[in-house]
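Chemist: Dropping the structure in here first, questions after.
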Amino acid sequence: MIPVAFEYQRATTVEEAIAALSSGDGKILAGGHSLLPAMKLRLNQPAKLVDISKIDSLKGIREEDGEIVIGAGTTHGDIASNDLIKSKLPFFAEAASWIGDVQVRNYGTIGGSLAHADPAADWGALVLAADAAIITQNTNTSRRIAATEFFQGLFTTALEEGEIITEIRVPVPAEGTKTNYQKFSQPASRFAIVGCAVMKKPDGKTSIAFTGLSEAPFRDTAAESAASTEAAVAAAAEDITIMSDHFASEEYRKHLAKVYLKKALHALA
Ligand SMILES: Cc1cc2nc3c(=O)[nH]c(=O)nc-3n(C[C@H](O)[C@H](O)[C@H](O)COP(=O)(O)OP(=O)(O)OC[C@H]3O[C@@H](n4cnc5c(N)ncnc54)[C@H](O)[C@@H]3O)c2cc1C
């Protein structure tokens, strides 16, 4: 459980971090709560870690140009306790407060979680349901990637080599929007065996996203277009390849998806 030797560099600006990454087989270190366990298991053996945890510009939450902007280096704990998030995106605050334990919430970051793209992580379903965009930066360019384009498979995202997530931008929900997040968690880690995020707009449009079910989080468009709660529940998780592991079989995961969607829709009714 000892990682291979690596070089360590602490960056104080995004530009410094990008420059450090361009000079070799480097990886970003944010909260370390996914990367370091993987390194200890030697699933990941970077030659260099570039620590971005002290870059102030990557932290914090603000409202700007009709969007809620969450710095990629903001911890789950800071999101859970933020007043703007609690009032405008309450399901982000709820979900963040259920992630792992207090140590994980105090170190783990939203950017680290999105970049890692663990199929059982909570943030994927939330950013999808909220129509968020992931903002990235590399040496030459900044990109704005829709959450629906970001997740590409198991631990796989649209991020390119040397690219850093700097912000997550969420359109400010219209007055009267309701949100809910329901999760059936793995009892030891609290990772989602199934997590269901729902956002219902005042015009009745509902976005529904799941995590934990398949190799990547996804928007369930069949459930979204259903005309009633019963029809949405019947349509949910029908057209995807569902994972099966020692925590839950494919059949049980599908059942949980329907139950947790029903709970979320009832909570919003
Ligand atoms: C005991 C335990 C319980 C947990 N429970 C849950 C849970 O209930 N729900 C849940 O969702 N998660 C859970 N997690 C995961 C936790 O949320 C991690 O903190 C998170 O997945 C990774 O964030 P990090 O900041 O620690 O990233 P790190 O571990 O530092 O990095 C993870 C990966 O992302 C890359 N990276 C980091 N930041 C950026 C960035 N800004 N731009 C580009 N790449 C970046 C790194 O290079 C690395 O590849 C748990 C973890 C542990 C150890």
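Chemist: For the list (1) in the same structural domain as I134 (by TED's automatic domain parsing); (2) within 12 Å of the ligand (Cβ to nearest atom), I need the number of the one condition that S34 fails.
Modeler: (1)
Chemist: Could you check G176 against (1) in contact (Cβ under 8 Å) with a residue 40 or more places away in the chain; (2) open to solvent by 30 Å² or more (accessible area, probe 1.4 Å) and say which number it fails?
Modeler: Result: G176 fails condition (1) only.
Chemist: Something else now. Collect the residues in segment 228-251 that are open to solvent by 40 Å² or more (accessible area, probe 1.4 Å) and assigned to a loop (DSSP other than H, G, I, E, B), keeping them in residue-number order.
Modeler: Of everything in segment 228-251, those that are open to solvent by 40 Å² or more (accessible area, probe 1.4 Å) and assigned to a loop (DSSP other than H, G, I, E, B) turn out to be S228, E238, D239, I240, T241, M243, S244, D245, H246, F247, S249.
Chemist: Picking from I68, I28, I18, which residue would you name as being assigned to a strand (DSSP E or B), open to solvent by less than 40 Å² (accessible area, probe 1.4 Å) and either in contact (Cβ under 8 Å) with a residue 12 or more places away in the chain or closer than 18 Å to L114 by Cα (or both)?
Modeler: Matching residue, one of I68, I28, I18: I68.
Chemist: Starting from residues that are open to solvent by less than 30 Å² (accessible area, probe 1.4 Å) and assigned to a helix (DSSP H, G or I), keep the ones in segment 97-111 and report whichever is nearest to the ligand (Cβ to nearest atom).
Modeler: If we take residues in segment 97-111 being open to solvent by less than 30 Å² (accessible area, probe 1.4 Å) and assigned to a helix (DSSP H, G or I), then G111 is nearest to the ligand (Cβ to nearest atom).
Chemist: Only one of these is open to solvent by less than 30 Å² (accessible area, probe 1.4 Å), outside any loop (DSSP other than H, G, I, E, B) and either over 19 Å from A197 (Cβ atoms) or in contact with a strand residue (DSSP E or B) (Cβ under 6 Å, 6 or more places away or on another chain) (or both): G124, G73. Name it.
Modeler: Going through G124, G73 in turn, just one is open to solvent by less than 30 Å² (accessible area, probe 1.4 Å), outside any loop (DSSP other than H, G, I, E, B) and either over 19 Å from A197 (Cβ atoms) or in contact with a strand residue (DSSP E or B) (Cβ under 6 Å, 6 or more places away or on another chain) (or both): G124.
Chemist: While we're here: Which pairs turn up if I take residues in segment 108-123 that are more than 11 Å from H76 (Cα to Cα) and look for partners that are assigned to a helix (DSSP H, G or I) and within 7 Å of the ligand (Cβ to nearest atom) with beta carbon separation below 8 Å, at least 6 apart in sequence or on another chain?
Modeler: L114/W123; H116/L35; A121/S113
Chemist: Please state which of the following conditions T12 fails to meet, knowing it meets all the rest: (1) within 11 Å of the ligand (Cβ to nearest atom); (2) out of contact with any helix residue (DSSP H, G or I) (no Cβ under 8 Å at 6 or more places or on another chain).
Modeler: Failed condition: (1).
Chemist: What are the residues in segment 184-204 that are open to solvent by 50 Å² or more (accessible area, probe 1.4 Å), near the ligand (Cβ under 10 Å from one of its atoms), hydrophobic (A, V, I, L, M, F, W, C) and in contact (Cβ under 8 Å) with a residue 40 or more places away in the chain, if any? Don't jump to the end; show me each part of the working.
Modeler: Our first condition is that a residue be open to solvent by 50 Å² or more (accessible area, probe 1.4 Å); within segment 184-204, this holds for 184, 187-188, 190-191, 200-203.
Now narrow it down to the ones that are near the ligand (Cβ under 10 Å from one of its atoms): 188, 190-191.
After this cut, where a residue has to be hydrophobic (A, V, I, L, M, F, W, C) as well, the list is 188, 191.
Within segment 184-204, F191 is the sole residue that qualifies.
Chemist: Tell me, yes or no, whether segment 84-96 has at least one residue that is near the ligand (Cβ under 8 Å from one of its atoms) and either among the hydroxyl-bearing types (S, T, Y) or in a loop (DSSP other than H, G, I, E, B) (or both).
Modeler: No, segment 84-96 contains no residue that is near the ligand (Cβ under 8 Å from one of its atoms) and either among the hydroxyl-bearing types (S, T, Y) or in a loop (DSSP other than H, G, I, E, B) (or both).
Chemist: I would also like to ask the following. All but one of (1) open to solvent by 20 Å² or more (accessible area, probe 1.4 Å); (2) touching a strand residue (DSSP E or B) at 6+ places or on another chain (Cβ under 7 Å); (3) in a loop (DSSP other than H, G, I, E, B); (4) within 25 Å of A96 (Cβ to Cβ) hold for R62; which doesn't?
Modeler: So the condition that R62 fails would be (3).
Chemist: OK, next. When you look at R190, is it over 14 Å from the mean Cα position of the chain (by Cα), basic (K, R) and not in a loop (DSSP other than H, G, I, E, B), yes or no?
Modeler: no
Chemist: Assess whether W123 counts as being outside the structural domain of A257 (by TED's automatic domain parsing), in contact with a Leu (Cβ under 6 Å, 6 or more places away or on another chain) and within 8 Å of the ligand (Cβ to nearest atom).
Modeler: yes
Chemist: While we're here: Tally time: how many residues in segment 21-35 are in contact with a Leu (Cβ under 8 Å, 6 or more places away or on another chain) and under 14 Å from T109 (Cβ atoms)?
Modeler: The qualifying residues number 3.
Chemist: Check A216 against each of (1) within 15 Å of the chain's Cα centre (by Cα); (2) in a strand (DSSP E or B); (3) hydrophobic (A, V, I, L, M, F, W, C) and name the one condition it does not meet.
Modeler: Unmet for A216, out of (1) within 15 Å of the chain's Cα centre (by Cα); (2) in a strand (DSSP E or B); (3) hydrophobic (A, V, I, L, M, F, W, C): (2).
Chemist: Looking only at segment 207-227, how many residues end up being among the small types (G, A, S), modelled with pLDDT of 95 or more and open to solvent by 10 Å² or more (accessible area, probe 1.4 Å)?
Modeler: Going through segment 207-227 one residue at a time, the tally reaches 5.
The values are calculated or read from the model by the stated rules, or taken from the named source; none is laboratory data. Because the structure is predicted, anything quoted here is derived from the model rather than measured. Cβ atoms come from the backbone with ideal geometry, glycine included; neighbour counts cover every protein chain shown. To get the accessible areas, we keep the full protein, side chains included, count just its heavy atoms, and leave off ligands, DNA and RNA. Shrake-Rupley method; radii C 1.70, N 1.55, O 1.52, S 1.80 Å.
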